[in-house]
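For reference, the structure discussed in these notes is given below.
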Amino acid sequence: MQRQLPILIFAQSARFMAESATLAGYSVWVADCFCDSDTVAVAQRHLTIPSLSALTATDFFAAIETLSRGEPCQLVIGTGIEQLYPLIELLPANILYLGNTVQTLSLLRQSKSFFPLLDSLKLAYPSIQYQRPVSNHATWLYKDLSGYGGQSIQSPLTVSKTTNGYYQAFISGQSASVIFLANGKQAHVLGYNRLVNVKNQFRLAEIRTPLNLSNQLEQQLQKAINSITQATKLKGLCSLDFIFADNAFSILEINPRFSASAELTSHHAQLFQWHLNALNGEIPTNTLNLPDSARLLAFFYAEQNSVVIDHPIWPESCHDLPAAGSYIQQGSPVCTIIIEAETHADCQQALQKQHLLVQQNLCIDS
């Protein structure tokens, strides 16, 4: 691994990865959908790419060629470009890819390989089927593993066209995730988090940590992650989403890349280098204990079509900051709010105050 080479990050939103790579001592070039002001502040080069739903192979290669200018660099991919995984094998010679193989990514992000894998490992997951349910639609969801943040989840009744999706049984329980480092043989857990959706939706609203689980459930999850890691040769910083009740859990998906929950760890200065080391087969034997305080990451979504005012004043807790004059469509993310307090209740109280401050930076687009 050549430390002197710049890191080219390609993701829907690359801000935290860019900050983490900068802390690790790397020069960073970023291609993402937002190029928020705090991303631009740490990136030596940056480029805004089209919405991921409209992104083509041509756009992908044009972006990395524009950013790299033919110079050697190392490519790291982030959230939201699952549909572009096959292009990894077609990179120009000047770009060294750092990440999981296309075979590993396909195993984990395609339903017709992922769920049979879980079956072979005897790991539980909610029932799935590929035909539209004929009755009891409320007990089923339509999902797509190429989606992220719950944006691809919808009622079967609203599905007009299916591509890579499947129908999954709705089960009761608490949504959660575990973040870990994998080296292709075993995994090291960094933390457990609670996932909270927007009310009456499946879009992710908040991530809360720490999530206290029983020793039995933690052991079961560790065993499951190790089994998946060994079976798929999974490497790097990853997360597993699951639903649990009592001491039983069902797996929803594996994210073989940086996820939003990574920002709630206390290891920002080491995290990106740990990720690269894990891709090279090395994971830490131990990590610093997480602080006892509660931490919360919340996505602030625009309630109406809005424009960021001139000279916005963002609270220190806010990240992924849009530039003055940015147009933000109703329901789209405005920024990310990260809060640390003594308890989760204190975090929620502080979050309400931060919402009001953020709202002051927006004017309704009439």
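For Y97, the amide hydrogen comes within under 5 Å of the amide hydrogens of L75, counting only partners 5 or more places away or on other chains and with H modelled in the peptide plane. What the Kirkwood sum gives for segment 64-199 is a hydrodynamic radius of 17.7 Å, with every pair of different alpha carbons counted.
Legend: calculated FRET efficiency, A323 to Q174, from the Cβ-Cβ distance at R0 = 51 Å, rounded to 0.05, equals 0.85. Binning all Cα-Cα separations of segment 152-250 at 10 Å, short to long from zero, yields these whole-percent fractions: 14, 39, 34, 13, 0.
May I ask for the percentage of alpha-carbon pairs in the chain that lie more than 37 Å from each other? I get 17 percent for the Cα pairs in the chain exceeding 37 Å. Shape descriptor for segment 250-366: Rg over Rh equals 1.05 (Cα atoms; Rh from the Kirkwood inverse mean 1/r). Its residue count N fixes a reference of 2.2 N^0.38 Å for segment 1-84, and the Cα radius of gyration divided by that reference is 0.99. The H on the amide N of L252, modeled in the peptide plane, is under 5 Å from the matching H of D241, F242, I243, each at least 5 residues off or on a different chain. Protection proxy ranking, highest mean first, for peptides 347-354, 204-211: 204-211, 347-354, where packing is the per-residue count of other beta-carbon atoms within 10 Å, averaged. Near the amide H of C335, within less than 5 Å, lie the amide hydrogens of F300, all on another chain or at least 5 residues away, with H placed in the peptide plane. Each Lys or Arg adds one and each Asp or Glu subtracts one; over the other residues with Cβ under 15 Å from the Cβ of F244, this totals -1.
In the context of the full set of protein chains, residues of the chain present 46 Å² of accessible surface per residue (probe radius 1.4 Å, heavy atoms only). Model label points for Q186 and N94, set 7 angstrom from Cα along the Cα-to-Cβ axis, are 4.2 nm apart. Note that segment 329-346 has calculated 3J(HN,Hα) couplings of 6, 3, x, 8, x, 8, 7, 10, 10, 10, 10, 10, 8, 5, 9, 5, 5, 5 Hz, one per residue in order, obtained from phi through the Karplus relation 6.51 cos²θ - 1.76 cosθ + 1.60 (θ = phi - 60°); glycine and proline are x.
For a straight C-alpha distance cut-off of 19 angstrom, the lysines reachable from K122 (same-chain residues fewer than eight places away being disregarded) are K112, K185, K223, K233. Only protein heavy atoms count here; on that basis, with a 1.4 Å probe, V334 has an accessible area of about 10 Å². For the chain, which whole-number percentage of the solvent-accessible area (1.4 Å probe, protein heavy atoms only) is attributable to carbon and sulfur atoms? The computed percentage sits at 50.
Rounded, prolate or oblate, given the Cα gyration tensor of segment 230-271, with a/c below 1.5 counting as rounded? Since a/c reaches 1.5 but b/c is at least a/b, the shape of segment 230-271 is classed as oblate. The GluC sites (Glu not before Pro) of segment 269-366 that DSSP puts in a loop, and whose beta carbon has at most 14 other beta carbons within 10 Å, are E282, E303, E316, E342. Applying a DSSP loop filter and a limit of 16 other Cβ atoms within 10 Å to the trypsin sites (Lys or Arg not before Pro) in segment 1-66 leaves R3. Taking other residues whose beta carbon is less than 13 angstrom from the beta carbon of R194, and scoring Lys, Arg as +1 and Asp, Glu as -1, yields 0.
Using the Karplus relation 6.51 cos²θ - 1.76 cosθ + 1.60 with θ = phi - 60°, the per-residue 3J(HN,Hα) values for segment 214-228 come to 5, 4, 4, 5, 4, 5, 5, 5, 4, 5, 5, 5, 4, 5, 5 Hz, with x marking Gly and Pro. Projecting the Cα positions of L240, Q329, L357 onto the charge dipole of segment 232-366 (unit charges on Cβ atoms of Lys, Arg, Asp and Glu, taken about the Cα centre) puts L240 furthest along the positive direction.
The values are calculated or read from the model by the stated rules, or taken from the named source; none is laboratory data. The model shown is predicted, which means the values in this text are computed figures rather than measured ones. In this analysis, Cβ positions are derived from the backbone assuming ideal geometry, glycine residues included, and neighbour counts consider all displayed protein chains. Side chains included, ligands, DNA and RNA excluded: accessible areas come from the protein's heavy atoms. Shrake-Rupley method; radii C 1.70, N 1.55, O 1.52, S 1.80 Å.
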